[in-house]
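S.K.: Next up is a structure, given as structure tokens.
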Amino acid sequence: MSEQFQELKPICVAVSKYAFLPQDAFDGESKELLKHMRELNSTLENIDAQGSDNGKLVEYVFIPISHILNQSQLGRPQTKEVLRTLTQLFRIYWQHEALFSDKLATQLFPILNYLIKNLDQPPNSQSKIVTIDALSIFFTALGNQSYATTFFTDNDFRLLSHLTDVIQFILTILLETPEDHSLQLKICGILSELYRRLLSHEVLSYVLPGNISVLTKVLCIPGVNVNYRVICKVIQLYGYLLMNVYDDLELQTTVPGLEDVAELGKQEITVRKPFRHRDSKWLKATRGQILLALQNCIPVLIKRNNSKINETLVRMISQTLSSCAKSLNNCIPLLIETLLNLGESPSVELYTYSDTVYDIARNKLVMQIPHSLQFHVEQTFNSLQYAIKTGLSNHPNNNVLVKEALEAVVNGLDSLFCSRIKKPNEKILVQSSKVILHGLILEPSEMQLLPSNVIDKKLEYILVQFISEIGQTFQSDSELAETIDYLLNHEGNDNNRIRQSISLFVSATLLHKTTVTDDTSPIDEILVTDTSVITKEEASYTILEYISGLSTLENELTDFSRCCILYSLNIMAQNLQAEFQTELIDFLYPIVEDIISSSPAVRQFATNCVVTLSNVLYQGSIKELILQNVDYMIESISQRLNLGMTGQVTTVLMLVCQMAGYETVLSFKDVLETIFKLLDYYHGYDDLCQQIFQFFEVVTVEMKRLYLPNTDAVYRLGDPHSNHSTFKPWGLTTEDQMERLINSVKTPPTVIDEDLPLGENEPANFQEYFDAKLKIKQEDKDSDDEADDEEEQLKNGPPKVEWISPIPRESYRTLIQFNQYGERLLTHPSKPLKIQILKVMKMVTSMLSTQYDLLLPQVAQVWDSVVRCTSDTDHSIVNAACETLKEIIDYSGDFIAKRFLDLWPYLKKNCALLRETRYKGSFSVSNAVIPKRNFPPVTQNALISMSNMLLSGLQKTEVQWDETDVLDVIQCCLLVVPLRRIAEQSLFLSDICWCLSHDT
């Protein structure tokens, strides 16, 4: 202590030289005085706050300071240093308990007010910091004394006047310094010290209007200029003022009974225990100002959308409702509406204000629904959802409010559809069913139901959450079913398909997520209330019945209507679980049909529905879903085919076959026969025929996947013992073929002994012989029709021919029918149909080769028709025809040798492709070079297919060709195939190519 005193003594002596001067000799702006004051403050800052030990030191320092304070004038820099000195004295000594006397406090507080006013006006940033530090330490020291709560009283108006000035100064800095949030937080700390520890509720009532006004301005500063922590502190101060100044218990406020909630806040209110300032007249005058202030600041706070601010605001409102609901009953509607908008649980129970909540929900929120849908205001739905679930769960008119809210949603969406969805004048391009099937992926995915030009995806999610949460508030299935029936059968729905679809969407969403899921824990099941586990069966069947009626208007339904139906069926399946099995007979076919819709949205919702059905009923197996209900599918398909409603039936068949495999086709025998009849009767309709052959393609693929899973396996010869070579007995490949050749040598004729007795059936004379011949001839004539019947012969199979094909006879017969109908329709003028038929023929040929003896008649039947396609002027058809011919050549062996030898002359004479592309120059044997040419892709592909076909044929026939024709074929192939690759085809071609490349 002595060291500190010795350090301070010379400085204090220097300051005293100026402080003790007479007023006429004192220079308040002396730079020397300023210098010594700064030295004094620097020294004081290094002294620790040790309480009573520093008493004498503080007294010694305060003596010159007190004389400076008695001077009539003081410069602003000097005033700032005096404030810093007082701050240090409070820190070192006066802030401690019982060390700051009442008398000294009474003297210093007005002096502080004077010094503050003597600073720069408006104060700069440094002056603000010095001032706030001084006031903060002063009020802290005051709060630590025993007289703290009685220092400021409504009897001492002199101190109250200074207090008002100081608070006004502090609030001004708080309002005008938004960029310095640390200073603002320090100011909030000073105000908190004043409100909570120093000022009585009655004294607070004097400063309340000005304080509330400035605090409201701070809260209303636009944007995020004020730090959220400052905002939270200000809200806390706001709440403390309201909670204590308007405390119902302290004022003993009474409010007369209320019959109409709309009259809330308009009743005569009475303060039964009036104070000197706070009485009924004061209350009536000020609470209106409080309402205006809250109306100004609360919307701004909500708009900031800050979780911390929202949490603080909810706490403040809860405290206000708990402490002064009577005194500020005019603010209750605004406070309740704010709680609904924030959607956070307050400490007060909202159901105690259920009438107010109901009035706000019905007269404000419900009325705002159409506007909120139009301008994408999500808050309305969140607030209304919170009101219904929290504040109106037991209200007698809750169901009425729910109906009105849902009806408002339907009306709002219907209005938006009418204004934003226009019927297009142009024709919609329908996507090919083949393209849809090729890119089809049966995986569930979230997709927006309502069109994006009506509402965006985020608002749709909010809307679905709102409706589904409302659905969980119903106490019984009958109440829910009644509400759904009201929505579906509303008079505005008549002949308005869009409104009907919207009503269906809203009704189905009410049942969304209303049952306890499998992953719910046991404790959750115990805690779930009855309202969340009601069965919903009656409501579900009401919706299903409505869907059945709506589905009959198939030609009037838009894509949106179909999406709503599928969306609803998905939810019904989740609700009914196994009980939905009985509904599949009516809904399975329409759902599957929508999977191949031209609308991506309809396809996705149908896919989601199929996946849900498979998960609910068949452990996630879509294949089992189809196979177990294939009878329903067959019945629906047959009905449509018999009524001539071909539409998408063949595409549905393709989809079913893809989803469940060839097993389903085995159940489609009658359907296949009907389709074959359609080809007989409607062969002139190219679109229908093309769809049918696309179905044939899918059936062939699935059949191959089932019976020939190893795609590399090649079944070329049905009888391994036989040699089918054109040059037989050359070309033997097995010992069995050699053994058969040896055993086929004819034995010498047997000499007939005329003396041998007659056989049992041998004629005894010429008449018997003649009669026997007539009988045989008549039997042959009667059996001609049976012998000519291909189908019966195919069904029974050739006599004594072993069935070696892995494909069953019936399925093999189906493939032959595909081939035969294709051969008939190859004369059709439609290009896409021809290409599709040739594609099917190509696939069928490889599968028919598994029973070689039955392949050959089919090859003989279709060969000429396919060859004629190679002369078509459309190169795409030529390409498909050449690929099919190559497949036939590869799998037919030497059977087509003679036909292939006749093919090349035909191509040279009739093939338009060769005429357009064949090299016109001389083909020199010496160089065998064909100039490189660039062809269009279609022509290029056709030439490649023709070259591959010709080279495959050459491998089969080789030495039977004339050398000139071979050179012609090679010349054609060289247009698109390198000479080296031609040489790799066989030794025969290799020799020729070698001669061509080396002949000089």
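The values are calculated or read from the model by the stated rules, or taken from the named source; none is laboratory data. All figures in this text were calculated on a predicted structure; none of them were measured in a lab. Quick reminder, even Gly has a Cβ in these numbers, built from the backbone with ideal geometry, and neighbours come from all protein chains shown. Side chains included, ligands, DNA and RNA excluded: accessible areas come from the protein's heavy atoms. Shrake-Rupley method; radii C 1.70, N 1.55, O 1.52, S 1.80 Å.
S.K.: Distance from the Cα centre of the stretch 202-255 to that of the stretch 365-392, in angstrom?
M.R.: When both Cα centres are located, 29 Å separates them.
S.K.: Once you charge only the Cβ atoms, +1 for Lys and Arg and -1 for Asp and Glu, what is the size of the charge dipole of the stretch 851-999 about its Cα centre, to the nearest 20 debye?
M.R.: Value, rounded to 20: 520 debye.
S.K.: Whenever you get a sec, compute what percent of the accessible area on the stretch 540-627 sits on carbon and sulfur atoms (1.4 Å probe).
M.R.: Heavy-atom surface of the stretch 540-627 belonging to carbon and sulfur, 1.4 Å probe: 48 percent.
S.K.: Among 240-252, 978-990, how do they line up from the highest to the lowest mean number of other beta-carbon atoms within 10 Å?
M.R.: 240-252, 978-990
S.K.: When all C-alpha to C-alpha distances in the stretch 1-139 are sorted into bins of 5 Å, what percent of pairs does each bin hold, rounded to whole numbers?
M.R.: P(r) over the stretch 1-139, rounded to whole percents: 2, 10, 21, 24, 22, 15, 6, 1, 0.
S.K.: Let's see if you can work this out: charge +1 on each Lys and Arg Cβ, -1 on each Asp and Glu Cβ, no other charges. What is the dipole magnitude of the stretch 106-251 about its Cα centre, in debye to the nearest 20?
M.R.: Dipole size: approximately 300 debye.
S.K.: Report, in debye and to the nearest 20, how large the dipole of the stretch 1-93 comes out about its Cα centre when Lys and Arg carry +1 and Asp and Glu carry -1 on their Cβ.
M.R.: On the way: 10 positive and 12 negative charges, 39 e Å.
Here the stretch 1-93 has a charge dipole of around 180 debye.
S.K.: With point charges of +1 on the Cβ of Lys and Arg and -1 on the Cβ of Asp and Glu, referenced to the Cα centre of the stretch 1-93, which listed residue (ILE92, PHE62, MET37) lies farthest in the positive direction of the dipole?
M.R.: The residue sitting most towards the positive pole is MET37.
S.K.: Where only protein heavy atoms count, and the probe is 1.4 Å, what is the accessible area per residue for the stretch 851-999 in Å²?
M.R.: Result: 43 Å² of accessible area for each residue.
S.K.: Quick one: accessible area per residue over the stretch 1-93, 1.4 Å probe, rounded to a whole number of Å²?
M.R.: Averaged over the residues of the stretch 1-93, the accessible area is 52 Å².
S.K.: Okay, next question. What part of the accessible area of the stretch 851-999, given as a whole %, is carbon or sulfur when the probe is 1.4 angstrom?
M.R.: On the way: 3250 of 6460 Å².
For the stretch 851-999, the apolar C and S fraction of the accessible surface comes to 50 percent.
S.K.: Same structure, new question: For the stretch 846-890 and the stretch 277-298, compute the distance between their C-alpha centroids and round to whole Å.
M.R.: Rounded to whole Å, the Cα centres lie 96 Å apart.
S.K.: Report relative contact order for the stretch 851-999 in percent, whole number only (criteria: Cα-Cα under 8 Å, sequence separation at least 6).
M.R.: Values: 142 pairs, mean separation 40.7, N = 149.
Computed value for the stretch 851-999: 27 percent relative contact order.
S.K.: Projected onto the charge dipole of the stretch 851-999 (+1 at Lys/Arg Cβ, -1 at Asp/Glu Cβ, origin at the Cα centre), which of ILE896, GLN985, PRO936 gives the Cα projection farthest towards the positive end?
M.R.: PRO936
S.K.: Same structure, new question: Counting only protein heavy atoms and a 1.4 Å probe, tell me what percentage of the stretch 1-93's accessible area is made up of carbon and sulfur.
M.R.: 47
S.K.: List, in the order given, every pair from LYS831/LYS956; LYS303/LYS364; LYS834/LYS956; LYS9/LYS128; LYS303/LYS403; LYS186/LYS217 whose Cα-Cα distance in the structure shown is over 22 Å.
M.R.: Long pairs (Cα-Cα over 22 Å): LYS831/LYS956; LYS834/LYS956; LYS9/LYS128; LYS303/LYS403.
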